[in-house]
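Participant: Quick one: the structure is below, questions incoming.
The values are calculated or read from the model by the stated rules, or taken from the named source; none is laboratory data. Since the structure is predicted, the reported quantities are computational estimates derived from the model, not experimental observations. Neighbour counts are summed over all protein chains in view; Cβ atoms, including those assigned to glycine, are modelled from backbone coordinates with ideal geometry.
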Amino acid sequence: MNSADEGLEEITIAELQEKMESGTYTARSVTELYLERIEKIDRGGPAVNSIIELNPDALDIADELDRERNEKGARGPLHGIPVLIKDNISTADRMMTTAGSLALVGSKPRSDAFVVRRLRSAGALILAKTNLSEWANIRSSRSTSGWSARGGLTRNPYALDRNPSGSSSGSAAAVAANLAAAAVGTETDGSIVSPSAVNGLVGIKPTVGLVSRTGIVPISHTQDTAGPMCRTVSDAAILLGAMVGVDPEDEASRASEGKFHRDYTEFLDPAGLEGARIGVVRGCFGFLPEVDRIVNRALAILEAKGAVLVDPADLDSLAKLGEAEDLVLQYELKADLQRYMDWVGPSASVRSLQDIIDFNEKERDSELRYFDQDIFLKAAARGPLTDGKYLDALEKCRRLAKTEGIDRVMAKHRLDALVAPANGPAWMSDLVNGDHYLGGSAQAAAVAGYPNITVPAGFAFGLPIGISFFGRAWSEPTLIRIAYGFEQATKARTPPAFRAGADLR
C-alpha cells in the first residue's frame, strides 16, 4: 500500500481484522497509515483539527500487539485496532487529559479510566485523544461547539465552515474523516448523538451505568455516559461490547450486572425491523422542512421493512422540564467535578471548580476570548446535593422523562422503541455569536438516563441528517437490532468530500 488514501476509507473493524489475520496488514502498518492520514487531512489539507494529541507510544504498542497475535492469536475483534478517545477520558500514559482546558495541562491521572482499561484489555490501540467542546460544553450558555482553548476549533469534514456539534466534536469529525476505525465520545445531553448525526455517523448513547464513568471528567452522575462513535452499527456494537462491565468505583454501573452483553454483534439482524413497534415522536419534528422530509422518508422505509409505526407517540411531559435539568446539572457539576479532581490527585494545578474559574479569569485572553463561563459561575454558587432545590429538580426530571415520559408512552402503545430526527444539519461555526441549534430529540433519553442510537438517514444540502432510536433502560439489544435493520435498508452514509461549505445547488 503506497498511500494512506487507499484502503482505509470506510474500512470496518471486521475488515481490518480480516486483513491483519491474513497478513495483508499488521497493527503497526495500520497505525502508520492512520498517522499518515491524520498528518495529511487533520493537520494539513482540509485541516479538520479533530486530534488534540497523538499517543507517542502508538507504534510501540502496535508492535507488542503484533507479537502477541503471532505468538498467541488475537484477543478478539478489537485486537490491534486503532481507536480514538475524547480528551475528557483519563489515560495514565504520556498523553494528557485536559477536557480541552489549559487549566488541566500537565495533570497526570493516577490510572486509566475504567473504560480505557476495558479497551486496552480487548486489544484496542489508543491512537490519540480527540478535541472537544471545552469542559464538554458546560462552561458557557453561548459557547461554540468544537472549540477548546487547548485544541482550537474542530471543523465538520462535510463542510469545513460548518460546525461538528458538541461536545464529542473531535471524536465525530475524526471518524467521519476516516482518521481511525472508531472513537469513544461522552454525553450528558446530546454530546454523542448530535455530533454523530451531523458528521454522518452511528452513535450509541448507552443506558447510564452500562459503561463506567470512573476517570472521565464529569458533568452529571445522573446523565453522563461514554459511548461508541463509528461509521457502522456493527462497528459500534463491537466497540460497545468491549466497553461495558461492572466497576466497583462507579455506583451506577452496579445496576448493569446481568444486563450487559460482551458481544452486541449477536443483535445485528438485517430483518430486525420486522414486527418492531416504533413510536414516532412528532413533537421533535417541525424545526426544518428538509429534515422532516428526510425523516418521513425514513419512516416509510421502516414500514416497508415490516415495522409497525405508532404515529404520533409524543412525550408531552418533556415540555414541563423547564429549568429543572439545568439546575440538576449545575449542582452535580460542582460536586462531581470535585470528586474527579480528588481522584486525579495532586498533579493538577487546579483542585476545584472555583480554582478553574479563577484560572480562566487569569488566562482570560486565551480561555475566555470567545465566550465566558456563566454556567461555571452558577454551578459554583450552588449548595450541596442535599439541598431541597436540587432534590426537587432531580425528582421532576426523573418523573417527567421516565415515569410520565418514555416509560408511559412505551407502555401505552406497547413499543419497542421511539424514533425522531436526531437534529438538524450542521450550522455555520461562529465564534462571535455561538451555536445555532435548531432542534432535535436527545433530551428525553438523556434526562431519563436511557439509551439512544443515531444512524445516518440522508443529506440536506450535502450535510448529514441522522435519525434516532431510543427506549427504556438496558434496551440496547433491541435498539441495535432496529438501527441495524434501518442501516442495511438504507446505507445512507457516504464519506465526506471536505467541501469548503454546504452544497447549495
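Participant: Identify the residue in region 21-35 that is in a helix (DSSP H, G or I) and not hydrophobic (A, V, I, L, M, F, W, C) and, among all such residues, is surrounded by the most Cβ atoms within 10 Å (Cβ to Cβ). Don't jump to the end; show me each part of the working.
Facilitator: Of the residues in region 21-35, the ones in a helix (DSSP H, G or I) are 21-22, 27-35.
Next cut, not hydrophobic (A, V, I, L, M, F, W, C) only: 21-22, 28-29, 31-32, 34.
Numbers: GLU21: 14, SER22: 8, ARG28: 19, SER29: 16, THR31: 25, GLU32: 16, TYR34: 23.
Going through the qualifying residues, I end up with THR31.
Participant: Quick one: in region 399-420, which of the residues that are among the small types (Gly, Ala, Ser) and touching a helix residue (DSSP H, G or I) at 6+ places or on another chain (Cβ under 9 Å) is surrounded by the fewest Cβ atoms within 10 Å (Cβ to Cβ)?
Facilitator: Taking region 399-420 as the starting set, the residues that turn out to be among the small types (Gly, Ala, Ser) are 401, 405, 411, 417, 420.
Pick out the ones that are also touching a helix residue (DSSP H, G or I) at 6+ places or on another chain (Cβ under 9 Å) and you get 401, 405, 417, 420.
Numbers: ALA401: 26, GLY405: 26, ALA417: 24, ALA420: 26.
Filtering region 399-420 for residues that are among the small types (Gly, Ala, Ser) and touching a helix residue (DSSP H, G or I) at 6+ places or on another chain (Cβ under 9 Å), the one surrounded by the fewest Cβ atoms within 10 Å (Cβ to Cβ) comes out as ALA417.
Participant: Look through ARG67, ARG94, ARG37 and report the one residue that is among the basic types (Lys, Arg) and touching a Pro at 6+ places or on another chain (Cβ under 9 Å).
Facilitator: Details: ARG67 fails: touching a Pro at 6+ places or on another chain (Cβ under 9 Å); ARG37 fails: touching a Pro at 6+ places or on another chain (Cβ under 9 Å).
Of the residues listed, the single one that is among the basic types (Lys, Arg) and touching a Pro at 6+ places or on another chain (Cβ under 9 Å) is ARG94.
Participant: Let me ask something else about it. Would you point out which residue out of GLY258, GLY286, GLY322 is modelled with pLDDT under 95 and not in a helix (DSSP H, G or I)?
Facilitator: On the way: GLY258 fails: modelled with pLDDT under 95; GLY286 fails: modelled with pLDDT under 95.
Result: GLY322 is the single residue among GLY258, GLY286, GLY322 that is modelled with pLDDT under 95 and not in a helix (DSSP H, G or I).
Participant: Sticking with this structure for a sec: Take ASN423 and decide whether it is of a type outside the set (Gly, Ala, Ser), more than 30 Å from ARG505 (Cα to Cα) and buried (at least 19 other Cβ atoms within 10 Å of the Cβ). Steps first, please.
Facilitator: On the way: of a type outside the set (Gly, Ala, Ser): yes; more than 30 Å from ARG505 (Cα to Cα): no; buried (at least 19 other Cβ atoms within 10 Å of the Cβ): yes.
No.
Participant: Next up: Residue check, VAL419 against (1) assigned to a strand (DSSP E or B); (2) under 21 Å from GLY185 (Cβ atoms), all met but one. Which one?
Facilitator: Going through (1) assigned to a strand (DSSP E or B); (2) under 21 Å from GLY185 (Cβ atoms) one by one, VAL419 breaks only (2).
Participant: With the structure loaded, tell me whether SER107 is touching a residue at least 12 places away in the same chain (Cβ under 8 Å) and surrounded by fewer than 24 Cβ atoms within 10 Å (Cβ to Cβ) or whether it fails that test.
Facilitator: Details: touching a residue at least 12 places away in the same chain (Cβ under 8 Å): yes; surrounded by fewer than 24 Cβ atoms within 10 Å (Cβ to Cβ): yes.
The answer is yes for SER107.
Participant: Assigned to a helix (DSSP H, G or I), β-branched (Val, Ile, Thr) and either within 23 Å of ALA319 (Cβ to Cβ) or touching a helix residue (DSSP H, G or I) at 6+ places or on another chain (Cβ under 9 Å) (or both): is that true of ILE482 in this structure?
Facilitator: Details: assigned to a helix (DSSP H, G or I): yes; β-branched (Val, Ile, Thr): yes; either within 23 Å of ALA319 (Cβ to Cβ) or touching a helix residue (DSSP H, G or I) at 6+ places or on another chain (Cβ under 9 Å) (or both): yes.
It is true that ILE482 is assigned to a helix (DSSP H, G or I), β-branched (Val, Ile, Thr) and either within 23 Å of ALA319 (Cβ to Cβ) or touching a helix residue (DSSP H, G or I) at 6+ places or on another chain (Cβ under 9 Å) (or both).
Yes/no per residue for (1) in contact with a Leu (Cβ under 8 Å, 6 or more places away or on another chain); (2) of a type in the set (Phe, Trp, Tyr); (3) at pLDDT below 95:
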residue: SER3; (1), (2), (3): no, no, yes
residue: GLU6; (1), (2), (3): no, no, yes
residue: ILE13; (1), (2), (3): yes, no, no
residue: LYS19; (1), (2), (3): no, no, no
residue: SER22; (1), (2), (3): no, no, no
residue: LEU35; (1), (2), (3): yes, no, no
residue: GLY44; (1), (2), (3): no, no, no
residue: VAL48; (1), (2), (3): yes, no, no
residue: LEU54; (1), (2), (3): yes, no, no
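Participant: Follow-up question, since we're still on this one. For the condition closer than 18 Å to SER143 by Cα and modelled with pLDDT of 95 or more, what is the one hit in VAL419, VAL432, VAL447? Give the steps one after another, and end with the answer.
Facilitator: Numbers: VAL419 fails: closer than 18 Å to SER143 by Cα; VAL447 fails: closer than 18 Å to SER143 by Cα.
Being closer than 18 Å to SER143 by Cα and modelled with pLDDT of 95 or more holds for just one of VAL419, VAL432, VAL447, which is VAL432.
Participant: Any chance you could count how many residues in region 100-120 are touching a strand residue (DSSP E or B) at 6+ places or on another chain (Cβ under 8 Å) and not charged (D, E, K, R)?
Facilitator: Taking region 100-120 first, the residues touching a strand residue (DSSP E or B) at 6+ places or on another chain (Cβ under 8 Å) are 100-101, 113, 115-116, 119-120.
Then keep just the ones that are not charged (D, E, K, R); that gives 100-101, 113, 115-116, 119.
Residues meeting the conditions: 6.
Participant: Hey, any hits in region 218-225 for a residue that's closer than 22 Å to VAL202 by Cα, in contact (Cβ under 8 Å) with a residue 24 or more places away in the chain and out of contact with any helix residue (DSSP H, G or I) (no Cβ under 6 Å at 6 or more places or on another chain)? Write out each step before concluding.
Facilitator: Within region 218-225, the first condition is being closer than 22 Å to VAL202 by Cα, and the residues that meet it are 223-225.
Checking the rest, the ones that are also in contact (Cβ under 8 Å) with a residue 24 or more places away in the chain come to 223-225.
Filter once more, keeping what is out of contact with any helix residue (DSSP H, G or I) (no Cβ under 6 Å at 6 or more places or on another chain): 224-225.
Scanning region 218-225, I find at least one residue that is closer than 22 Å to VAL202 by Cα, in contact (Cβ under 8 Å) with a residue 24 or more places away in the chain and out of contact with any helix residue (DSSP H, G or I) (no Cβ under 6 Å at 6 or more places or on another chain), so the answer is yes.
Participant: I want to confirm something. Restricting to region 109-135 and keeping residues that are basic (Lys, Arg) and outside any loop (DSSP other than H, G, I, E, B), which single residue is farthest from HIS261 (Cα to Cα)? Working first, answer last.
Facilitator: To start, the set of residues in region 109-135 that are basic (Lys, Arg) comprises 110, 117-118, 120, 129.
Applying the additional criterion that residues be outside any loop (DSSP other than H, G, I, E, B) yields 117-118, 120, 129.
Values: ARG117: 17, ARG118: 14, ARG120: 18, LYS129: 27 Å.
Selected residue: LYS129.
Participant: Note down all Cβ pairs under 6 Å where the first residue falls in region 292-308 and is more than 13 Å from PRO270 (Cα to Cα), the second is at pLDDT 95 or above and hydrophobic (A, V, I, L, M, F, W, C), and they're at least six residues apart or on different chains.
Facilitator: Partner pairs satisfying both residue conditions: ASP292/PHE285; ILE294/ALA457; ILE294/ILE465; VAL295/ILE467; ALA298/ALA457; ALA298/ILE467; ILE301/ALA489; GLU303/LEU309.
Participant: For ASP336, which of the numbered conditions (1) acidic (Asp, Glu); (2) closer than 19 Å to GLY106 by Cα; (3) surrounded by 13 or more Cβ atoms within 10 Å (Cβ to Cβ) fails to hold?
Facilitator: Every listed condition holds for ASP336 apart from (2).
Participant: Could you list, ordered by first residue, the pairs with Cβ atoms under 8 Å in which the first is in region 243-261 and at negative phi and the second is among the basic types (Lys, Arg) and assigned to a loop (DSSP other than H, G, I, E, B), at least 6 apart or interchain?
Facilitator: Note: pairs meeting the criteria are VAL244/ARG262; ASP250/ARG213; ALA252/ARG213; SER253/ARG213.
Participant: Go through (1) buried (at least 19 other Cβ atoms within 10 Å of the Cβ); (2) modelled with pLDDT of 95 or more; (3) touching a strand residue (DSSP E or B) at 6+ places or on another chain (Cβ under 7 Å) and name the single condition LYS396 misses.
Facilitator: In the conditions (1) buried (at least 19 other Cβ atoms within 10 Å of the Cβ); (2) modelled with pLDDT of 95 or more; (3) touching a strand residue (DSSP E or B) at 6+ places or on another chain (Cβ under 7 Å), LYS396 misses (3) alone.
Participant: Another question about this same structure. Across region 121-130, what is the total count of residues that are among the polar types (S, T, N, Q) and touching a strand residue (DSSP E or B) at 6+ places or on another chain (Cβ under 6 Å)?
Facilitator: Of region 121-130, the ones among the polar types (S, T, N, Q) are 121, 130.
Checking the rest, the ones that are also touching a strand residue (DSSP E or B) at 6+ places or on another chain (Cβ under 6 Å) come to 130.
Number of matching residues: 1.
Condition check ((1) more than 29 Å from ALA393 (Cβ to Cβ); (2) basic (Lys, Arg); (3) more than 11 Å from the chain's Cα centre (by Cα)) across all residues:
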position: GLY203; (1), (2), (3): no, no, no
position: PRO206; (1), (2), (3): no, no, no
position: SER212; (1), (2), (3): no, no, yes
position: VAL217; (1), (2), (3): no, no, yes
position: SER220; (1), (2), (3): no, no, yes
position: GLN223; (1), (2), (3): no, no, yes
position: PRO228; (1), (2), (3): yes, no, no
position: GLY241; (1), (2), (3): yes, no, yes
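Participant: While we're on this one: Can you name the residue in region 97-118 that is hydroxyl-bearing (Ser, Thr, Tyr) and at pLDDT 95 or above and, of all such residues, is farthest from the chain's Cα centre (by Cα)?
Facilitator: SER111
Participant: Can we say GLU53 is outside any helix (DSSP H, G or I) and either touching a His at 6+ places or on another chain (Cβ under 6 Å) or of a type in the set (D, E, K, R) (or both)? Break it down into steps so the answer makes sense when it comes.
Facilitator: Details: outside any helix (DSSP H, G or I): yes; either touching a His at 6+ places or on another chain (Cβ under 6 Å) or of a type in the set (D, E, K, R) (or both): yes.
Yes; evaluated as a whole, the condition is true for this residue.
Participant: Can I ask one more? With without any contact (Cβ under 8 Å) to a residue 24 or more places away in the chain and assigned to a loop (DSSP other than H, G, I, E, B) as the only criterion, which of ARG505, ARG493 stands out? So that I can check it myself, show each step before the final result.
Facilitator: Values: ARG493 fails: without any contact (Cβ under 8 Å) to a residue 24 or more places away in the chain.
Going through ARG505, ARG493 in turn, just one is without any contact (Cβ under 8 Å) to a residue 24 or more places away in the chain and assigned to a loop (DSSP other than H, G, I, E, B): ARG505.
Participant: If you check GLU266, GLU251, GLU257, GLU290, which single one turns out to be surrounded by fewer than 22 Cβ atoms within 10 Å (Cβ to Cβ), in contact with a strand residue (DSSP E or B) (Cβ under 6 Å, 6 or more places away or on another chain) and not β-branched (Val, Ile, Thr)?
Facilitator: On the way: GLU266 fails: in contact with a strand residue (DSSP E or B) (Cβ under 6 Å, 6 or more places away or on another chain); GLU251 fails: in contact with a strand residue (DSSP E or B) (Cβ under 6 Å, 6 or more places away or on another chain); GLU257 fails: in contact with a strand residue (DSSP E or B) (Cβ under 6 Å, 6 or more places away or on another chain).
Answer to the check: GLU290.
Participant: Which ones in region 325-348 are in a helix (DSSP H, G or I), over 21 Å from SER141 (Cα atoms) and among the polar types (S, T, N, Q)? Step through it out loud before you land on a result.
Facilitator: Taking region 325-348 first, the residues in a helix (DSSP H, G or I) are 325-344.
So of that shortlist, the ones also over 21 Å from SER141 (Cα atoms) come out as 338-344.
Within region 325-348, GLN338 is the sole residue that qualifies.
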